[in-house]
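Asker: Before I ask anything, here is the structure I am working with.
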Amino acid sequence: MIDLTAAYDRCEEITRNEAKNFAYGIRLLPPDRRKAMAALYALARRVDDIGDGDAAVADKLTQLRAVRASLAAVSVGEHDPDDAVLVALADASQRYPIPLEAFGELVDGCEMDCRQSTYETFEDLVVYCRCVAGSVGRLSLGVFGTEKRAEAEPLADALGIALQITNILRDVLEDRTSMGRVYLPQADLAQFGCEPDGTGPTEAMAALIRLEAGRARERYDEGLQLLDLLDHRSRACVAAMAGIYRRLLTRIEADPAAVLVSRISLPAWEKAWVAARSLAGAGA
């Protein structure tokens, strides 16, 4: 049986090693909430790793069913006491009103990745983004806390969608070449005269990426209204994470063709500057 301190330490280690952008935000939270957010991330990472792994689709789906079963066990206090992530998540869910059922939506999104490699319309893509990222926004809201949860949840959802679209644009080359996935909507590819496999003339692909970036920015504008519903430290956390991704989106908009040849990112100093600015109250 793993003790609670070691369980949280393991989750924070996973977050530091695997969530470069996410970690800049959650380090601005008080210790207890930071640990709870690390537990959320560690479980979400477990789901993502299954979806992105090399196992056969049938094996991935079996592993995802096991994750669903483990979440059900957490909800009734019957989880594996030797699983650090589940131990930490169970404790966090007792301390905070975390909607564990939202993890089920995250698993739904991962199953989409297992079963399909394309999305027909932007609306279809939004459904996927809501599953894999809007769900995390709503889970995080349980840790952040707010007196206006009904108002805050759709904003957290919108912000999660914005972050995921930014990820998709950043990783468009890697997803296509390494994972065999084309998240850019098929209808949009056709509209711009590009191929279903996510390739096409550079000028046309750049215009398409700029279109999707504009759609992401609209959702940032909506989702960042969430900041007004959070306390100072939670607001700083969200502002830091969103600020890092919005600056990345700005870079993509300025040179959309760049993501067609390599994965772009922000330097560490710039991420740290965004985080410090967020803590100081400058917003995202």
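Asker: With a cut-off of 8 Å between alpha carbons and a minimum separation of six or more residues, what is the relative contact order of segment 148-209 in percent?
Answerer: 21 percent.
Asker: Could you work out the helix-only [θ] at 222 nm for the chain, with each DSSP H run of four or more residues adding -39,500 (n - 2.57) and the total divided by the number of residues, to the nearest 500 deg cm²/dmol?
Answerer: -22000 deg cm²/dmol
Asker: Could you tell me how many degrees, from 0 to 90 and to the nearest 10, lie between the Cα long axis of helix 4-18 and the main elongation axis, the longest principal axis, of the Cα atoms of the chain?
Answerer: Result, in degrees: 10.
Asker: Can I ask one more? With axes computed from alpha carbons, what is the tilt in degrees of helix 135-144 against the longest principal axis of the chain, rounded to the nearest 10 within 0 to 90?
Answerer: It works out to around 40 degrees.
Asker: Further question on the same structure: Can you tell which of Trp273, Ala88, Tyr220 lies farthest toward the positive end of the dipole of the chain, using +1 and -1 charges on the Cβ of basic and acidic side chains (Lys, Arg; Asp, Glu)?
Answerer: Of the listed residues, the answer is Trp273.
Asker: On a straight-distance basis, which lysines could pair with Lys271 in a cross-link, Cα separation under 25 angstrom, same-chain partners fewer than 8 positions away excluded?
Answerer: Lys20, Lys35
Asker: What relative contact order, as a whole-number percentage, does the chain give when Cα pairs under 8 Å and 6 or more residues apart are counted?
Answerer: Details: 419 pairs, mean separation 56.3, N = 284.
Dividing the mean separation by the residue count of the chain yields 20 percent.
A short reminder: the numbers here are calculations on the coordinates, not readings from a lab. Worth saying up front: this structure is predicted, and the values here are computed from it rather than measured. Don't worry about glycine lacking a Cβ; one is built from the backbone with ideal geometry, like all the others, and counts go over all protein chains shown.
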